[in-house]
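For reference, the structure discussed in these notes is given below.
The values are calculated or read from the model by the stated rules, or taken from the named source; none is laboratory data. Fair warning: this is a prediction, and the values are worked out from it, not measured in the lab. Methodologically, a virtual Cβ is constructed for each residue, glycine included, from the backbone with ideal geometry; neighbour enumeration extends over all protein chains shown. Ligands, DNA and RNA are stripped out before the accessible areas are found, and what is left, the full protein with its side chains, is counted by its heavy atoms. Shrake-Rupley method; radii C 1.70, N 1.55, O 1.52, S 1.80 Å.
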Amino acid sequence: MKKYIILFVSIVFLISCELDMKPESDLTYNGFWDTEEAAKAAHVGIYANFRNYHSTIWRMGEVRADLWGGATFANSPSDLDLIENNISTSIVYFSNWANFYGLLHYINDFIKNAPEVEFSNEQDLNHMLGQVYGLRAFVYYTMVKAWGDVPISTEPLLEVDLETLKKPRAPKTEVMNQIKSDIAKSLEYFGNDNSLWLGKTIYWSKAATLALKGDAYIWSGKVLGGGNADFNEAKSALEQIAGFELESYSNLWGQVNENNIEFIFTVDYQKDQASNFYGSWTTTRAVDLVNLTDEHGNPMDNFVVNGLSRYGVSEKVLLMMDDTLDQRRNTFLRVYDDGSVHVPFQAGDPSYQGSILNKFLGVIGDDGTRWDYNNVPLYRYADVLLLLAEAKNNLNEDPSELINLVRARAYGDNFTGHEYINGTKAENTQAILDERLKEFFAEGKRWWDLVRAGDNYVFEEVATLDADEAYKIYYSISESMLANDPELKQTDGY
């Protein structure tokens, strides 16, 4: 298998203007797809490639919202323009379509060639095709949320012809139709097979496709005007997900709990392969904690950290997640400089120095450093419940039972008195958004949640974006992209 992995990895990305890829003599090695072993090597390679995009997916779905922009231990916080929604034709984030077409080439290559390979067990091939169609739908869903109109490419690049790479942006409704088509193909290939590939959530599954279907169809119904037909499709898909349930908080986070019963699809991180990005972005250095204390006055000098402080939790979030009876308050560790007790959190407290994210903190390794090899969920069962609540609310149905399932897990024995009672559609929408903020903080979902909610929620919640800048919902593209491909047009409004 080693030779096939080498062949797969050696197929270079195209880098240029249009679909950010640079062709070499043979984009698909002519003898690569001869065996089942090679196809399985290509399948593994897609996931290794997908992992490289995780930080981009996170930044796209998280940073522009109202979660970050607070105090950091470091003097050089990251993405300040993005946090401030300072986006223009000269300040362009995720240029060259964030290189997603490089990933799509490998996915398209698998979809085109794997069905021609003879497998000893046809169900293995069907399961892998179900996975890869689901991944392609997820990538295009990320792109349509980010840019709206994007080029659609469903064929691998098999020849050196730069002209064929130049494609106009397809309307967002066409992109959504492609997403829906891929979701349908994924479910067709999975059939009745609800199993996890190799028993692991690091591979896409039928449950992941159903979760994506619920997510995407709500977006289609709310943002793209599909209405109740889409909401009903979303509801049906989410209600079909089986085999997962809410995990207790004590068994939910951390590397030892990666095989919990809640995670549906996770990005895989392992020692000697890759560590996740949280340690480098949302913790800090040991030197920054000297003479500082936690909110209870306990010294932080011996707290093991091994990263940087690039994103600071916003004061808004610190206040919203300050209920000591809610276990999600421990999502981050608040740090002060005066040795006093600071519970509850006080807005504008000059002693507050910053927070360390606990959710993906990692473990202390045998070398005494912090290891950040936590698998990170892109879909988990709490997401299914709250998306289902969203679909039901959009259909004027009562979502309170679903909200309360998540809330009851968060409050545990203290749930009594914290029940949510069904309200108006607007009140329910706000309750779902608030619950999702607390539940999925730092999981890359908040910006998408606000946009998907529709109406003016994104402008009401995000102080750095005004309603007269609604065009900024979608990212701009760079001047170099426009210069290199005359078929491309700038995002509307820029």
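Quick check on segment 280-301: of everything there that is assigned to a loop (DSSP other than H, G, I, E, B), open to solvent by less than 30 Å² (accessible area, probe 1.4 Å) and in contact with a Gly (Cβ under 8 Å, 6 or more places away or on another chain), which residue is modelled with the highest pLDDT? Result: Gly297.
Within segment 471-494, restricting attention to residues that are part of a loop (DSSP other than H, G, I, E, B) and within 22 Å of Tyr217 (Cα to Cα), which residue is most open to solvent (accessible area, probe 1.4 Å)? Break it down into steps so the answer makes sense when it comes.
Step one: filter segment 471-494 for residues part of a loop (DSSP other than H, G, I, E, B), giving 474-478, 485-494.
Still in the list and also within 22 Å of Tyr217 (Cα to Cα): 474-475.
Working: Tyr474: 37, Tyr475: 1 Å².
Selected residue: Tyr474.
Just one of the numbered conditions (1) touching an Asp or Glu at 6+ places or on another chain (Cβ under 7 Å); (2) open to solvent by 30 Å² or more (accessible area, probe 1.4 Å) is not true of Trp97: (2).
Residue-by-condition table, conditions (1) under 29 Å from Glu479 (Cα atoms); (2) within 20 Å of the chain's Cα centre (by Cα); (3) in a loop (DSSP other than H, G, I, E, B); (4) modelled with pLDDT of 90 or more:
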residue	(1), (2), (3), (4)
Ile15	yes, no, yes, no
Tyr29	no, no, yes, no
Ser55	yes, yes, no, yes
Arg64	yes, yes, yes, yes
Ala74	no, no, yes, no
Pro77	yes, no, yes, yes
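Among residues of segment 292-317 being among the hydrophobic types (A, V, I, L, M, F, W, C) and in contact with a strand residue (DSSP E or B) (Cβ under 7 Å, 6 or more places away or on another chain), the one that is nearest to Val406 (Cα to Cα) is Val313. Filtering Asn276, Asn232, Asn251, Asn257 for residues that are touching a residue at least 12 places away in the same chain (Cβ under 8 Å), closer than 22 Å to Leu385 by Cα and out of contact with any Pro (no Cβ under 6 Å at 6 or more places or on another chain) leaves a single hit, Asn232. Scoring His418 on the criteria (1) free of Cβ contacts under 8 Å to residues at least 60 places away in the same chain; (2) in a loop (DSSP other than H, G, I, E, B) leaves a single failure, condition (1).
Residue by residue, here is whether (1) among the charged types (D, E, K, R); (2) farther than 20 Å from Lys222 by Cα; (3) in contact (Cβ under 8 Å) with a residue 60 or more places away in the chain holds:
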| residue | (1), (2), (3) |
| --- | --- |
| Tyr373 | no, yes, yes |
| Leu388 | no, no, yes |
| Ala442 | no, yes, yes |
| Val451 | no, no, yes |
| Glu469 | yes, no, yes |
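Of the set (1) open to solvent by 20 Å² or more (accessible area, probe 1.4 Å); (2) at negative phi; (3) part of a helix (DSSP H, G or I), all apply to Tyr373 but (3).
For segment 177-205, which positions are under 18 Å from the mean Cα position of the chain (by Cα) and either assigned to a helix (DSSP H, G or I) or buried (at least 24 other Cβ atoms within 10 Å of the Cβ) (or both)?
Correct list: Ile179, Ile183, Thr201, Trp204, Ser205.
Being hydrophobic (A, V, I, L, M, F, W, C), modelled with pLDDT of 95 or more and in contact with a strand residue (DSSP E or B) (Cβ under 8 Å, 6 or more places away or on another chain) is the filter here, so list the residues in segment 368-415 that pass it. Step through it out loud before you land on a result.
As a first pass, look at segment 368-415 and keep what is hydrophobic (A, V, I, L, M, F, W, C): 371, 376, 378, 382, 384-389, 391, 395, 402-403, 405-406, 408, 410, 415.
Filter once more, keeping what is modelled with pLDDT of 95 or more: 376, 378, 382, 384-389, 391, 395, 402-403, 405-406, 408, 410, 415.
Of everything in segment 368-415, those that are hydrophobic (A, V, I, L, M, F, W, C), modelled with pLDDT of 95 or more and in contact with a strand residue (DSSP E or B) (Cβ under 8 Å, 6 or more places away or on another chain) turn out to be Val376, Leu378, Val384.
Return yes or no: is Val406 touching a residue at least 24 places away in the same chain (Cβ under 8 Å), open to solvent by 10 Å² or more (accessible area, probe 1.4 Å) and of a type in the set (A, V, I, L, M)? Reasoning before the result, please.
Working: touching a residue at least 24 places away in the same chain (Cβ under 8 Å): yes; open to solvent by 10 Å² or more (accessible area, probe 1.4 Å): no; of a type in the set (A, V, I, L, M): yes.
No.
When Ser355, Ser351 are screened for being hydroxyl-bearing (Ser, Thr, Tyr) and within 27 Å of Arg59 (Cα to Cα), only Ser355 passes. Listed by first and then second residue, the pairs linking a residue in segment 144-162 that is open to solvent by 40 Å² or more (accessible area, probe 1.4 Å) to a residue that is modelled with pLDDT of 90 or more and assigned to a loop (DSSP other than H, G, I, E, B), with Cβ atoms under 6 Å apart and 6 or more places separating them unless they lie on different chains, are Asp149/Arg169; Asp149/Pro171.
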